[in-house]
Ligand SMILES: [Zn+2]
Ligand SMILES: [Zn+2]
């Protein structure tokens, strides 16, 4: 508003001069000067209106934060323990405030709750330390999703588990499995299979069991590997 008002005053004074020239022209017997003056005032108003509208729409639409704020954001995130890297940082200004949207890469083997905890620290750390930020959305990545194979084609748990059941149904102890952790990484699923402790008879037997499981998924295009855990 302030800028619009300043422009308004400037336009007023410049157009007054143009109008004076017009009046002077009429008095000197040059009436067309008046018409030229009117056209000039009209053009000035159009130009100023365009400039103001452009700046305002930039602020409202997709203008992001300046480079020094962006590097401050990257620095704050980079100093948080557990953050491996940052990408797809997008910011938007809205009035005097700004929002940020950012992808944060963490260790791919973290639990959901630890990843969530890191996301919270990133979110509140940014809102706390970067004054202009009011709202931050954090997307946790187990790997760099800007390069490398996507996991978008992989089935969710119910379907993946049904596939694994078909592959492993004959392997000993599979029907006693206690927990199945699926890791969607680089276009395939890595499996953590937790078996009860009594399935562990000896190191050799456990190694045999492990290679038996690994053989079952060897030719799968969905699963990459099985890690067997006891206890
Ligand atoms: Zn949450
Ligand atoms: Zn990402």
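The values are calculated or read from the model by the stated rules, or taken from the named source; none is laboratory data. Just so you know, these numbers come straight off a predicted model, no measurement behind them. So basically every Cβ, Gly included, is an ideal-geometry build from the backbone, and we count neighbours across all protein chains shown.
For the range 125-138, the set of residues classified as within 12 Å of ligand 1 (Cβ to nearest atom) and farther than 10 Å from residue 77 by Cβ consists of 137 only.
Test residue 154 against the stated conditions and say whether it is assigned to a helix (DSSP H, G or I) and in contact (Cβ under 8 Å) with a residue 40 or more places away in the chain. Here the answer is no, as residue 154 does not meet what is asked. Quick one: would you say residue 147 is in a loop (DSSP other than H, G, I, E, B) and either within 30 Å of residue 201 (Cα to Cα) or within 16 Å of ligand 2 (Cβ to nearest atom) (or both)? Here the answer is yes, as residue 147 does meet what is asked. Quick one: in the range 74-99, of everything that is in contact (Cβ under 8 Å) with a residue 24 or more places away in the chain and assigned to a helix (DSSP H, G or I), which residue is farthest from ligand 1 (Cβ to nearest atom)? My answer is 76. Scan the range 179-212 for residues that are more than 42 Å from the chain's Cα centre (by Cα) and in a strand (DSSP E or B) and the total you get is 0.
Residues are listed down the side, and each one gets a yes or a no for (1) outside the structural domain of residue 184 (by TED's automatic domain parsing); (2) farther than 25 Å from residue 185 by Cα; (3) surrounded by fewer than 15 Cβ atoms within 10 Å (Cβ to Cβ):
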| residue | (1), (2), (3) |
| --- | --- |
| 77 | yes, no, no |
| 101 | yes, no, yes |
| 114 | yes, no, yes |
| 120 | yes, no, yes |
| 132 | yes, yes, no |
| 135 | yes, yes, yes |
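Taking the range 104-144 as the range and being within 16 Å of ligand 2 (Cβ to nearest atom) and more than 17 Å from the chain's Cα centre (by Cα) as the test, the residues that pass are 107, 108, 110.
Is it fair to say residue 122 is within 16 Å of ligand 1 (Cβ to nearest atom) and either in contact with a helix residue (DSSP H, G or I) (Cβ under 6 Å, 6 or more places away or on another chain) or modelled with pLDDT of 95 or more (or both)? Yes; evaluated as a whole, the condition is true for this residue.
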